[in-house]
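Student: Okay, handing you the structure first.
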Amino acid sequence: MNKSGRQIINLPLGKGYRSGCLRSLREDDAFKMLEWMHDPAIANRFSFDFKSMKEADALTFIRMSWTDRSSLHLAIANEVDGSYLGTISLKHIDRVQSCAEYAIATLSAAHGTGAALAGTKEMLSIAFLGLGLHRVFLDVRSDNGRARSFYRKVGFVEEGVAREALRDAAGEFVDLVWLSMLADEFQDILE
């Protein structure tokens, strides 16, 4: 138990995790991961250069996800057939500061289906109710209105702007908007 009385669990690592729409990443997800990584409409919205990723890189990431104790990377899966719809993560989990960085990327076919919302709520449940974290945060490009709207809908609060913090593929500098959610704010969403 942590100070707030919430039970603390270990990270759901390995190949066999499944809960709701989240499951462990599988090797056969690599091809679908590359689909969003190589989709310019999606990949150009991230600070990391996903367009250069190859199948071997995706497989290395998937295999690493089974044992990584500092981050949690799961698949958002179709609840009917378990097919891959995207990747959702809690990165750099800091037990001392009681926080983690949230990240999500979904296939364009999953946009507008509610899969990202369901996956996010489930991942935040793991973060706040399972791991007992106090704060989950993220950054997003200021020109990514769709994502910013989604994060606010979920309950993330915009904290501030890191001005010209990212150089995009065209060499232009763009602002990053920082958002976060605290454990008490997540409790408000559940009620």
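Student: Amide H neighbours of Arg95 under 5 Å, counting only residues 5+ apart in sequence or on other chains, H built in-plane at 1.01 Å?
Tutor: Counting only residues 5 or more places away or on other chains, the set is empty.
Student: For the pair Asp39/Leu117, report the inter-label distance in nm, with labels modelled 7 Å from Cα in the Cβ direction.
Tutor: Each label point lies 7 Å from its Cα, and together they span 1.8 nm.
Student: Please sort by residue number the GluC sites (Glu not before Pro) in the range 124-172 whose DSSP state is loop and whose Cβ has at most 15 other Cβ atoms within 10 Å.
Tutor: Working: sites: Glu158, Glu159, Glu164, Glu172; in loops: Glu172.
Listed in order of number, the matching sites are Glu172.
Student: On to the next question. Per-residue counts of other Cβ atoms within 10 Å, averaged by peptide: what ranking do you get for 73-79, 108-114, highest first?
Tutor: On the way: 73-79: 20.9, 108-114: 12.6.
Highest mean packing first, the order is 73-79, 108-114.
Student: Spelling out what I want: for every residue of the range 75-81, take phi, set θ = phi - 60°, compute 6.51 cos²θ - 1.76 cosθ + 1.60 (Karplus), and round to whole Hz; glycine and proline get x.
Tutor: Taking θ as phi minus 60°, the curve returns 8, 8, 10, 4, 5, 7, 10 Hz for the range 75-81.
Student: Then there is this: No solvent, one uniform scatterer per C-alpha: report log10 I(q)/I(0) for the range 104-191 via the Debye equation at q = 0.21, 0.24 1/Å, two decimals.
Tutor: Debye curve over Cα of the range 104-191, log10 I(q)/I(0) at q = 0.21, 0.24 Å⁻¹: -1.06, -1.22.
Student: Further, regarding this structure: Taking H as built 1.01 Å from N, whose amide H comes closer than 5 Å to the amide H of Leu133, not counting residues under 5 places away?
Tutor: For Leu133, whose amide H was placed from the backbone, the distant partners under 5 Å are Phe128.
Student: Excluding residues on the same chain fewer than 8 positions from Lys91, give the aspartates and glutamates whose Cα lies under 12 Å from its Cα.
Tutor: Leaving aside aspartates and glutamates fewer than 8 places away in the same chain, those within reach of Lys91 are Asp68, Glu101.
Student: Okay, moving on. Under 15 Å from the Cβ of Ile62, count the other residues' Cβ atoms, weight Lys and Arg +1, Asp and Glu -1, and hand me the total.
Tutor: Values: positive: Lys15, Arg23, Arg26, Lys32, Lys54, Arg63; negative: Glu27, Asp28, Asp29, Glu35, Glu55, Asp57, Asp68.
Cβ neighbours under 15 Å give a net charge of -1.
Student: Rounded to the nearest 500, what is the chain's calculated 222 nm mean residue ellipticity when only DSSP H runs of at least 4 contribute -39500 (n - 2.57) each, over all residues?
Tutor: Helix contribution divided over all residues of the chain: -7500 deg cm²/dmol.
Student: So how compact is the range 123-163: Cα radius of gyration and Dmax in angstrom?
Tutor: Rg, Dmax (Cα atoms, Å): 11.8, 34.
Student: Report the rotationally averaged projected area of the range 92-153 based on its alpha-carbon convex hull, in square nanometres. Numbers along the way, then the final one.
Tutor: Values: hull surface 18.5 nm².
For the range 92-153, the mean projected area of the Cα convex hull comes to 4.6 nm².
Student: Semi-axes of the range 15-113's equivalent ellipsoid from the Cα gyration tensor, sqrt of 5 times each eigenvalue, largest first, rounded to whole Å? Mind showing how you got there, number by number?
Tutor: Details: eigenvalues 80, 58, 39 Å².
Equivalent-ellipsoid dimensions as semi-axes: 20, 17, 14 Å.
Student: Please give the direction-averaged projected area of the C-alpha convex hull for the range 151-191, in square nanometres with one decimal.
Tutor: Working: hull surface 13.9 nm².
Approximately 3.5 nm², given one-decimal rounding.
Student: Right, here's the next one. Give me the dipole magnitude in Debye, nearest 20, for the chain about the Cα centre, with unit charges on the beta carbon: positive for Lys and Arg, negative for Asp and Glu.
Tutor: Details: 23 positive and 26 negative charges, 86 e Å.
Here the chain has a charge dipole of around 420 debye.
A short reminder: the numbers here are calculations on the coordinates, not readings from a lab. Predicted model only: the values in this text are computed from it and were never measured. A quick note on method: Cβ atoms are made from the backbone with ideal geometry, for glycine too, and the neighbour counts reach across all protein chains shown.
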